[in-house]
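Engineer: Before we start, here is the structure in question, set down as structure tokens.
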Amino acid sequence: MITFSGRQQAIRNADIITRKAHSEYPHISESKIIFLIGDDKVKDLFFGQMSLDYALKFAAERLKIDIDEKNTYKYILEALKKGLGNCFEEAKLAELIARINGQKNVYSGKIYAGKGFAKHEVAFITDKIIKPDKLYRFKNKEALILDPWLGITDYAGNYFKKIRTDFGKILNIRSNSKPKLQADFSCKISTRKIAEYKKNNPELIIKNYKRIKI
């Protein structure tokens, strides 16, 4: 049985991953600043400070155009190290960090609310058996959500209540909706690849990390 103190420790352990995924590689999220300076200025900012080749590559990934699924995690690291990333990149990095540190039951995926996609992605840890193409409406303690983009780490019930209340307008989530999660199985990562990323990116190793069990 997981005690109250155990639950709090699980959140603290997961939050280390959340914070590392957001801050390990300083980067800009265009959707975070778009509300402050507008679409046109964001385009000028992004396309004016990088090579055309990389700008097009970044735009293609952000718009889900011609993604090479075998190299998704390689792309994630490349994009963030070059200073660019959004919720997609941060969620995938959180998943990768967790896997590098031995966490088995971790996924990244999309949030759905109401009639469609809530335009947001997170990582999550759960002991439930997760299948491709299936939507999951987790009860409060059935999943631990890691959201580097919003800076939130909490159990599913608390997390969804908070984003409906505080971020509903930004994420297109109605206050009375019941959000669901769908894990992304399109870019699987092998044990060999995880070991390779761990060797080549020692900054992603968390000292004395303890696996989280939900």
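The values are calculated or read from the model by the stated rules, or taken from the named source; none is laboratory data. Everything numeric in this text was worked out from a predicted model, so none of it was measured. Counting neighbours? That spans all protein chains shown, and the Cβs are built from the backbone with ideal geometry, glycine included.
Engineer: Which number in (1) within 21 Å of Leu204 (Cα to Cα); (2) surrounded by fewer than 21 Cβ atoms within 10 Å (Cβ to Cβ); (3) β-branched (Val, Ile, Thr) marks the one condition that Val122 misses?
Structural biologist: That leaves (2) as the condition not met.
Engineer: OK, next. Among the candidates Ala55, Ala60, which residue alone is modelled with pLDDT under 80, touching a helix residue (DSSP H, G or I) at 6+ places or on another chain (Cβ under 6 Å), over 25 Å from Phe167 (Cα atoms) and not in a loop (DSSP other than H, G, I, E, B)?
Structural biologist: Details: Ala60 fails: touching a helix residue (DSSP H, G or I) at 6+ places or on another chain (Cβ under 6 Å).
Every option except Ala55 fails the conditions.
Engineer: Could you tell me which of the residues Ile125, Ile152 is out of contact with any strand residue (DSSP E or B) (no Cβ under 6 Å at 6 or more places or on another chain) and under 19 Å from Ile212 (Cβ atoms)?
Structural biologist: Going through Ile125, Ile152 in turn, the sole match is Ile152.
Engineer: Same structure, new question: Can you say whether Ile173 is free of Cβ contacts under 8 Å to residues at least 12 places away in the same chain and not in a helix (DSSP H, G or I), as far as the supplied structure shows?
Structural biologist: For Ile173, the condition - free of Cβ contacts under 8 Å to residues at least 12 places away in the same chain and not in a helix (DSSP H, G or I) - is not met.
Engineer: Only one of Asp133, Asp154 is part of a loop (DSSP other than H, G, I, E, B) and either within 15 Å of Gln8 (Cα to Cα) or not hydrophobic (A, V, I, L, M, F, W, C) (or both); which?
Structural biologist: Testing whether each residue is part of a loop (DSSP other than H, G, I, E, B) and either within 15 Å of Gln8 (Cα to Cα) or not hydrophobic (A, V, I, L, M, F, W, C) (or both) leaves just Asp133.
Engineer: Return the total of residues in region 204-214 being over 18 Å from the mean Cα position of the chain (by Cα) and surrounded by fewer than 17 Cβ atoms within 10 Å (Cβ to Cβ).
Structural biologist: 6
Engineer: Among what's in region 169-196 and is surrounded by 16 or more Cβ atoms within 10 Å (Cβ to Cβ) and of a type in the set (Gly, Ala, Ser), pick the residue that is nearest to Cys87 (Cα to Cα). Steps first, please.
Structural biologist: Of the residues in region 169-196, the ones surrounded by 16 or more Cβ atoms within 10 Å (Cβ to Cβ) are 171-173, 177, 179-184, 187, 189, 194.
The next check asks that each one be of a type in the set (Gly, Ala, Ser); those that pass are 177, 183.
On the way: Ser177: 21, Ala183: 14 Å.
By that ranking, first place goes to Ala183.
Engineer: Given (1) modelled with pLDDT of 95 or more; (2) more than 19 Å from His22 (Cβ to Cβ), identify the lone condition not met by Lys161.
Structural biologist: All conditions are met except number (1).
Engineer: Being surrounded by fewer than 15 Cβ atoms within 10 Å (Cβ to Cβ), within 13 Å of Tyr155 (Cα to Cα) and touching a Leu at 6+ places or on another chain (Cβ under 9 Å) is the filter here, so list the residues in region 126-143 that pass it.
Structural biologist: Arg137
Engineer: Checking Lys199 against (1) surrounded by fewer than 16 Cβ atoms within 10 Å (Cβ to Cβ); (2) not in a helix (DSSP H, G or I), which single condition isn't satisfied?
Structural biologist: Of the numbered conditions (1) surrounded by fewer than 16 Cβ atoms within 10 Å (Cβ to Cβ); (2) not in a helix (DSSP H, G or I), the odd one out for Lys199 is (2).
Engineer: Output the number of the condition that Thr153 fails; it satisfies all remaining conditions of (1) exposed (fewer than 15 other Cβ atoms within 10 Å of the Cβ); (2) in contact (Cβ under 8 Å) with a residue 12 or more places away in the chain; (3) polar (S, T, N, Q).
Structural biologist: (1)
Engineer: Phe88 fails exactly one of the following numbered conditions: (1) at pLDDT below 95; (2) part of a loop (DSSP other than H, G, I, E, B). What is the number of that condition?
Structural biologist: (2)
Engineer: Right, next: Please state which of the following conditions Ile145 fails to meet, knowing it meets all the rest: (1) in a loop (DSSP other than H, G, I, E, B); (2) under 15 Å from the mean Cα position of the chain (by Cα); (3) modelled with pLDDT of 95 or more.
Structural biologist: Among (1) in a loop (DSSP other than H, G, I, E, B); (2) under 15 Å from the mean Cα position of the chain (by Cα); (3) modelled with pLDDT of 95 or more, the lone unmet condition for Ile145 is (1).
Engineer: Oh, and also: Please enumerate the residues belonging to region 96-115 that are more than 27 Å from Tyr197 (Cβ to Cβ) and in contact (Cβ under 8 Å) with a residue 24 or more places away in the chain.
Structural biologist: Step one: filter region 96-115 for residues more than 27 Å from Tyr197 (Cβ to Cβ), giving 112-115.
Residues satisfying the conditions are Tyr112, Ala113, Gly114.
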